[in-house]
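The values are calculated or read from the model by the stated rules, or taken from the named source; none is laboratory data. Not measured: the values here are computed from a predicted model. Cβ: placed from backbone, ideal geometry, glycine included. Neighbour counts: every protein chain shown. Calculation scope for accessible area: heavy atoms of the full protein, side chains included, ligands and nucleic acids excluded. Shrake-Rupley method; radii C 1.70, N 1.55, O 1.52, S 1.80 Å.
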Amino acid sequence: KQNPQINIANYKIESLEFEKRWKQEQLKPILNVNYNALSYASTNSEALTYNLNNYKWGFSFAVPVLLRKERGSLQLAKIKLQDAGYERERKRNILTNKILAGRQELKLLNEQIVSYQQTVRGYEQLLTAENTLFETGESSLFLVNTRETNMINARLKLIDIQTKQQKSALLLKYNMGN
């Protein structure tokens, strides 16, 4: 699959190619051939009769003298097609850069998640140890609350990083055209 922006650029190029072919057709000379069979109603019968000797034919041939207008519009169509090709390449380069940046960001966020999971586990261990000290009477309620606040803040930060990682993964999938 491709990104929708690239598909739109491809469709634009296809339509411009049709326009260019139409402009090329405008350069060709025009030849019209006419043939008309003549029939007439005879006075003796009401039916139409056909005689092979009664026909009218002709042709016309036309060529624009200088072809300035047609050549100019063909050249303009070629330039539009070339410009659309450059635009498609520009969009493709932008998307490639976004994909590379998204992969790098996803890698960094995954590393941060692993790091913060370790941090949360450390805060949980500190809280457990502080609760044990509080139960034995060697700590205060203030220190227990401080440890619990630090653990909650670390969990919130972990959830925030996980949310960023999921957004980054979805943006990467979008840029890749999935």
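For Kirkwood radius over Cα pairs in Å, computed directly from the structure shown, the correct entry in (1) 24.7; (2) 18.1; (3) 17.3 is (1).
Ranking Ala77, Asn153, Leu143 by Cα position along the charge dipole of the chain, where only Lys, Arg, Asp and Glu carry charges on their C-beta atoms, puts Ala77 farthest toward the positive end.
Counting only Cβ charges, +1 for Lys and Arg and -1 for Asp and Glu, the dipole size of the chain around its Cα centre is about 1080 debye.
Here the sum of -39500 (n - 2.57) over DSSP H runs of 4 or more residues, divided by the residues of the chain, equals -26500 deg cm²/dmol at 222 nm, to the nearest 500.
Extending 7 Å from Cα along the Cβ direction at Gln118 and again at Gln104 yields two label points whose distance is 2.4 nm. Cross-link pairs exceeding 19 Å between alpha carbons, from the set Lys20/Lys69; Lys28/Lys69; Lys107/Lys157; Lys78/Lys98; Lys23/Lys91; Lys91/Lys167: Lys78/Lys98; Lys23/Lys91; Lys91/Lys167. Remark: accessible surface ordering of Arg90, Arg147, Arg68 (largest first) is Arg68, Arg90, Arg147, probe radius 1.4 Å.
Residues of the stretch 55-70 falling in the label zone of Asn36, defined by backbone nitrogen less than 17 Å from a point 7 Å along Cα to beta-carbon, are 55-61.
Quote to one decimal, in nm, the extra length available between Thr96 and Glu135 on full extension: 0.36 nm per residue of separation minus the C-alpha distance between them.
Extra length available between Thr96 and Glu135 comes to 8.2 nm.
Placing a label point 7 Å from the Cα of Met176 along the Cα-to-Cβ line, the residues of the stretch 96-132 whose backbone N sits under 11 Å from it are 99-100, 103.
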